[in-house]
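What follows is a short report on a single structure.
Please treat every number below as a calculation from the coordinates, not as lab data. Everything quoted here is computed from the prediction, not taken from an experiment. Positions of Cβ are generated from backbone atoms using ideal geometry, with glycine treated the same way; all protein chains shown enter the neighbour counts.
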């Protein structure tokens with residue numbers, strides 16, 4: 001089950017629950033029709049179970065937005081594959097955003 005918790009007028013957290021246990025969560029900020037993905041996390045023992053996909057799809061289907069933006073580490077191949085499968089496109093790079101690693105800026109337009 002996925003539950004949404006509104007933290008403020010702009011910030012929300014989607015929790016993927018198994019009973020009382022949080023298996024993963026997705027933090028977003030929605031301002032002027034643009035969703036920024038702040039953080040997507042799935043417990044290590046629950047990865048590859050579709051939880052990240054389910055959380056992202058919940059936001060894509062339920063939120064009112066024009067576009068979604070995110071940054072992902074260039075070395076996080078699993079996340080890049082997930083975002084690409086969901087229709088995100090690379091639009092820019094930010095050198096040394098993650099220490100020595102580059103961030104790939106990705107966008108999904110509604």
Next item on the list: Note down the nm distance, to one decimal, between modelled labels 7 Å out along Cα→Cβ at residue 76 and at residue 27.
Entry: 1.2
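Relative to the compact-globule scaling 2.2 N^0.38 Å, provide the ratio for the alpha-carbon radius of gyration of the chain.
Values: Rg = 13.8 Å, N = 110, 2.2 N^0.38 = 13.1 Å.
Output field value: 1.05.
Would you mind ranking 27, 78 by Cβ crowding within 10 Å, fewest neighbours first?
78, 27
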Notebook entry, point to check: For 42, 109, 13, what's the fewest-to-most ordering of other Cβ within 10 Å of each Cβ?
Noted result: 109, 13, 42
Check: What FRET efficiency would be calculated for the residue pair residue 89, residue 45, taking the C-beta separation as r and a Förster radius of 30 Å, to the nearest 0.05?
Finding: 0.45
Next item on the list: Calculate the length of the line joining the C-alpha centroid of segment 1-68 to that of segment 75-90, in whole Å.
Entry: 16
Next item on the list: Kindly provide the helix-only [θ] at 222 nm of the chain, computed as the sum of -39,500 (n - 2.57) over DSSP H runs of four or more divided by all residues, to the nearest 500 deg cm²/dmol?
Entry: -5500 deg cm²/dmol
Notebook entry, point to check: Relative contact order of the chain: what whole-number percent is it, with Cα pairs under 8 angstrom and at least 6 residues apart?
Noted result: 19
